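Only one structure is covered here, and it is reproduced in the block below.
Read the figures in this text as sums done on the coordinates, not as results from a lab. These numbers were taken from a predicted model, which means no experiment stands behind them.
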Amino acid sequence: MSLFRKIFGSGNDSSDEENHSEFNNSALNLSLPVDERFTFNFKKNGGKFLYCENLNEVKEHFENILEENDWFESEALCYEPKLFSMLDENKINHDKPANPKFLLASCENLIADEGSVLFSSSQIKQNKPNELPVNIVILATTSQILESKSDGLRMIKKKYEKDYPTNITTIKYFEKVKEEDFLHYGSSAKNLYLLLLEDL
């Protein structure tokens, strides 16, 4: 996974991308391994990506996000008890927040072919994407990266066996679209940070 460091380490990525034609980019994208394809598409969609080799790096990057956005001692939306300690350590209220600054959540899977994040009611209850805070911090692992949405749905079926979650949805756009585009119709852009923990 040191390729993540190569991909995100250089600052000249944007100028290199402009030199390639759209056709070359899509052909190159299809030849990439699934993890690299996800990060390429995720960044292209405007997502902010932070690679973490261990849990200490997850905590460190999370604190950096809080500092960058001045979210210390604020309120956050979080439905997963396993994540409460990250909020408690930073004095962030998650008990019935009136005005949450961000959502802290895990996800079902990360979808490589479109650079999106797959959620279910296990992470976001019955909220639609446009009902969630604009700012979202996701904690995921490299083993959650899958090729396509259909792979993600298969994994959900396998993971839950009987008590299937509801409200299965993806969030794909992570920045405001400059011009109205029919491809973005009905989607709400989110300011999304992904803390991706290496577990392979």
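Which residues' amide hydrogens lie under 5 Å from the amide hydrogen of F102, considering only partners 5 or more residues apart or on another chain, with H built in the peptide plane?
L77
Which whole-Hz couplings ³J(HN,Hα) result when phi for each residue of the range 66-77 is put into the Karplus expression 6.51 cos²θ - 1.76 cosθ + 1.60, θ = phi - 60°, listed in order with x for Gly and Pro?
Once θ is set to phi - 60°, the couplings for the range 66-77 become 4, 5, 4, 9, 6, 9, 4, 6, 10, 10, 9, 8 Hz.
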